[in-house]
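Derivation of every value follows stated rules applied to the coordinates shown; laboratory data play no part. Just so it is clear, the structure is predicted and the values come from calculations on it, not from any experiment. Please note: Cβ atoms are built from the backbone with ideal geometry, for glycine as well, and neighbour counts cover all protein chains shown.
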């Protein structure tokens, strides 16, 4: 079993916000592979299916972002999944807007959902896909920023990033994390 967790906040009012791009990627995958996201399990909304011949659990924790680790830990413990078979997808304010970054492991940075997951798993050696949602404007409260909506122009760019993150997830499942990182980490102009 491979667990693919997209982070966000439950509820209609949070759906179009910057903080919910992880949920958006799960929705794209569920739609593409006809996986019904209709079970309430592991303190989240889940769906099981097959992607690239492998059994996967898609999960959107419904614990609110700051307690995402409660949900992920339940799923990991139930399926006895190794850290390498957990992929977490979430928003990041520290990378370029609309870019994606794939890592094998790492710290939580300033992300409270990731802090919760690392705390509850007691481990940070799981793969993750980060989606750049923009830098917090000067003098803006971080919570207000991540819970804000994208402008129309930003939405077009972020929808492409969400699509690319879903493709990268396919690659992670099919080809593994190294191939995925080599082929989907967005290059910034400095790397060209």
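At a glance:
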| read-out | value |
| --- | --- |
| Cα gyration tensor shape for the stretch 1-105, rounded if a/c is under 1.5, else prolate or oblate | rounded |
| Computed [θ] at 222 nm, deg cm²/dmol, the chain (DSSP H ≥ 4; -39,500 (n - 2.57); rounded to nearest 500) | -11500 deg cm²/dmol |
| Burial ordering of 101, 155, fewest other beta-carbon atoms within 10 Å first | 155, 101 |
| Net length gained if the chain between residue 125 and residue 174 were fully extended (0.36 nm per residue, minus Cα distance) | 15.7 nm |
| Theoretical FRET efficiency, 1/(1+(r/R0)^6), r = Cβ-Cβ of residue 80 and residue 110, R0 30 Å, to 0.05 | 0.45 |
| FRET efficiency estimate (nearest 0.05) - Cβ-Cβ, residue 41 to residue 12, R0 22 angstrom | 0.55 |
| Rg/Rg_globular for the stretch 90-192, with Rg_globular taken as 2.2 N^0.38 Å and Rg from C-alpha atoms | 1.11 |
| Overall dimensions of the stretch 2-191 by Cα: Rg and Dmax, Å | 15.2, 48 |
| Ranked by how many other beta carbons lie within 10 Å on average, peptides 109-117, 26-34 from highest | 109-117, 26-34 |
| Sorted by Cβ neighbour density within 10 Å, fewest at the top, the residues 140, 14 | 140, 14 |
